[in-house]
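Read the structure below first, then the notes.
The values are calculated or read from the model by the stated rules, or taken from the named source; none is laboratory data. A quick note: this is a predicted structure, and the numbers were derived from the prediction, not measured. Cβ sites come from the backbone with ideal geometry, for glycine too, and all protein chains shown count toward neighbours. Side chains included, ligands, DNA and RNA excluded: accessible areas come from the protein's heavy atoms. Shrake-Rupley method; radii C 1.70, N 1.55, O 1.52, S 1.80 Å.
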Amino acid sequence: MEAVIMEDQVAVSFDTGETGFMLVATSLVMLMTPGLAFFYGGLVSRKNVLAVMIQSFVSMGVTTILWWAVGYSLCFSGSYGDGDFAGIIGNLDLAFLRGIDVINDPSPVNANIPVLVWFAYQMMFAIITPALITGAFANRIKFPAYLMFLVAWLLFVYFPFVHMIWGGGLMAHYGVLDFAGGIAVHNIAGMAALASVFYVGRRKFYEGELHSIPLVALGTGLLWFGWYGFNAGSEFAVDHITAIAFVNTDLAASTAAITWLFMGWIFEKKASLVGLLTGAVAGLATITPAAGFVSVGSAAIIGFVSGIVCYLAVHLKNRLKWDDALDVWGVHGVGGMIGILMLGILGSEAINPNVECNGLINGDVSFFGIQLAAVVFSSIWAFGFTWLMLVGINKITPVKVTPMEEEEGLDSSIHGEQAYI
């Protein structure tokens with residue numbers, strides 16, 4: 001079925017089925033940010049629940065405004081050698097949606113869908129990505145500093161990578177593939193988290209944290225549910241690749257969850273619900289860049305590898321005493337890296353003939369090299385820029401909470417509220 005809009009005697013036709021699907025997918029991705037708030041809220045102590053949750057919810061407001069003002073334009077105006085800045089960032093031609101006919105213009109990736117749906121869908125990705133980082137410095141950062149960090153990180157890390165990968169920029173020019181955000185979301189967020197951990201330092205008061213496993217389970221359920229929109233929606237159409245991405249998402253998450261469960265059962269002698277839930281999120285993060293480029297069997301392999309490697313990454317982090325409070329680097333950073341590299345190994349043009357994505361097992365060594373270089377480049381950029389941002393922000397306003405504020409809990413000392421009375 002098609003919807004036809006008449007304006008000035010010009011008929012613009014959009015597919016109502018595909019448009020409806022993408023609006024649902026957009027809504028699912030939006031739901032992931034509250035899901036993340038619940039997930040992180042359950043993992044921290046009772047006196048820091050609201051402080052970590054507000055960091056996710058405030059991104060929904062701040063990022064939406066910034067996306068409308070300049071974010072969309074910086075990501076999707078211009079292309080490599082044609083109006084952008086060195087293939088790294090777009091221009092401001094589309095700032096505040098200037099020059100866009102919001103009624104008639106189609107999206108840049110599918111003419112059957114209005115441009116505003118593309119605008120909104122990509123905005124939901126922008127909202128959740130910086131929120132992922134907050135789990136790393138839980139209980140240790142002042143709210144004004146976080147707001148400055150949120151804006152700066154979007155401008156200098158997230159927007160450039162979206163343009164470079166999905167906006168026709170430098171990395172797209174050299175053949176880097178990322179179906180739904182292994183680099184543009186998870187790897188750069190994970191490396192930013194690691195830089196934040198090193199800069200902010202360890203917590204001075206550690207009280208066991210993890211006050212509500214049911215909240216963690218609720219958050220995981222919302223994230224898992226939303227991830228179908230995150231990955232399947234990234235095809236931005238309704239076809240066989242959409243279905244493959246959907247099934248791959250579920251299978252990788254399930255395989256990683258069970259793998260993590262048994263890893264914990266073997267090494268820690270207990271079958272942990274938190275371990276199962278963490279493994280599921282790791283599998284979801286890891287399949288993200290490859291969801292529409294690999295077979296269903298390959299998705300199971302990716303989930304299995306994710307469950308092992310991300311578990312070991314978290315174990316390594318603990319041994320090295322890096323205070324990544326909620327394992328953002330081990331789950332999202334390492335998961336994103338694995339997913340990009342596994343795509344370079346398992347990618348198949350038989351699954352997705354629309355792009356050159358044959359991996360090592362299908363005879364293309366160069367594609368794996370491109371994906372490896374992309375991981376290295378994005379990791380260095382995200383870590384370095386994040387560190388420099390925190391140094392700069394600290395010169396304007398203190399980044400770290402005081403020992404007294406940390407001991408009291410940020411809910412009360414920073415926000416004047418309490419989750420539980």
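Across the chain, the mean sequence separation of Cα contacts (distance under 8 Å, 6 or more residues apart), normalised by length, yields a relative contact order of 22 percent.
Have a look at I421, S378, M32 and report the one farthest towards the positive end of the charge dipole of the chain, computed about the Cα centre with Cβ charges (Lys/Arg +1, Asp/Glu -1). Comparing the listed Cα positions along the dipole, I421 ranks first. I'd like to know which of Y199, L92, S107 lies farthest towards the positive end of the charge dipole of the stretch 92-237, counting +1 on Cβ of Lys and Arg and -1 on Cβ of Asp and Glu. Sorting the options by dipole projection puts first Y199. Between the helical axis of 49-66 and the longest alpha-carbon principal axis of the chain there is an angle of about 30 degrees.
Relative to the longest principal axis of the C-alpha atoms of the chain, give the angle of the C-alpha long axis of helix 273-287, reported between 0 and 90° and rounded to the nearest 10°. On a 0 to 90 degree scale, this one is about 30. Nonpolar atom fraction for the chain, defined as the carbon and sulfur part of the 1.4 Å probe accessible area, stands at 68 percent.
With 0.36 nm allotted per residue and the present C-alpha distance subtracted, the F96-I396 stretch has 105.2 nm of extension available. Note on Cα extents along the principal axes in Å: of the candidates (i) 98, 40, 40; (ii) 108, 47, 41; (iii) 66, 46, 38, the value calculated from this structure sits at (iii).
Between helix 188-200 and the chain there is an angle of about 30 degrees, using the helix long axis and the longest principal axis of the Cα atoms. Taking 0.36 nm per residue of separation and subtracting the Cα-Cα distance, full extension of the segment from D82 to L372 would add 101.8 nm. Cross-link check: pairs K142/K204; K47/K395; K321/K395 evaluated at a Cα-Cα cut-off of 22 Å; pairs beyond the cut-off: K47/K395; K321/K395.
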